[in-house]
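Below is one structure, written out as structure tokens, with a few remarks after it.
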């Protein structure tokens, strides 16, 4: 990452990680998520976050990431 700008590869890596986390959280119960969130980046930022909120935040992050990737590809192409 140079000058605070992510490369396409970094964006893709981040998107894949978010998708893995999303799939994992979607399969969890609320009780399992309460334990998991201690090690989850969003749980560290907001310890009161609920499973459903985490799912929505991850979906939003994935969509934002895809939008950023498209913008970068348009600027590069």
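A short reminder: the numbers here are calculations on the coordinates, not readings from a lab. Predicted, not measured: the structure shown is a model, and the values here were computed from it. Cβ coordinates were reconstructed from backbone atoms using ideal geometry, including for glycine residues, and neighbour counts include every protein chain displayed.
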Quiz item: For the modelled label position 7 Å from the Cα of residue 45 along Cα-to-Cβ, which residues of the stretch 51-70 have backbone nitrogen atoms closer than 14 Å?
Solution: 53-65
Quiz item: In deg cm²/dmol and to the nearest 500, what is the mean residue ellipticity at 222 nm of the chain if only DSSP H runs of at least 4 residues count, each as -39500 (n - 2.57), divided by the residue total?
Solution: -24500 deg cm²/dmol
Quiz item: With the chain treated as a Gaussian network of Cα nodes joined by springs under 10 Å, which of 55, 25, 35 yields the largest mean-square fluctuation?
Solution: 35
Quiz item: Of 41, 14, 60, which has the largest mean-square fluctuation in a 10 Å C-alpha GNM of the chain?
Solution: 41
Quiz item: Applying 1/(1 + (r/R0)^6) with R0 = 35 Å to the Cβ-Cβ distance of residue 35 and residue 76, what FRET efficiency is obtained, to the nearest 0.05?
Solution: 0.25
Exercise. First obtain the Kirkwood hydrodynamic radius of the chain from its Cα pairs, then insert it into the Stokes-Einstein equation at 20 °C and 1.002 mPa s, and state the resulting D in µm² per second as a whole number.
Key: 159
Practice problem: Treating the angle as unsigned and between 0 and 90°, give the value, to the nearest 10°, between the Cα long axis of helix 51-76 and the longest Cα principal axis of the chain. | Solution: 10
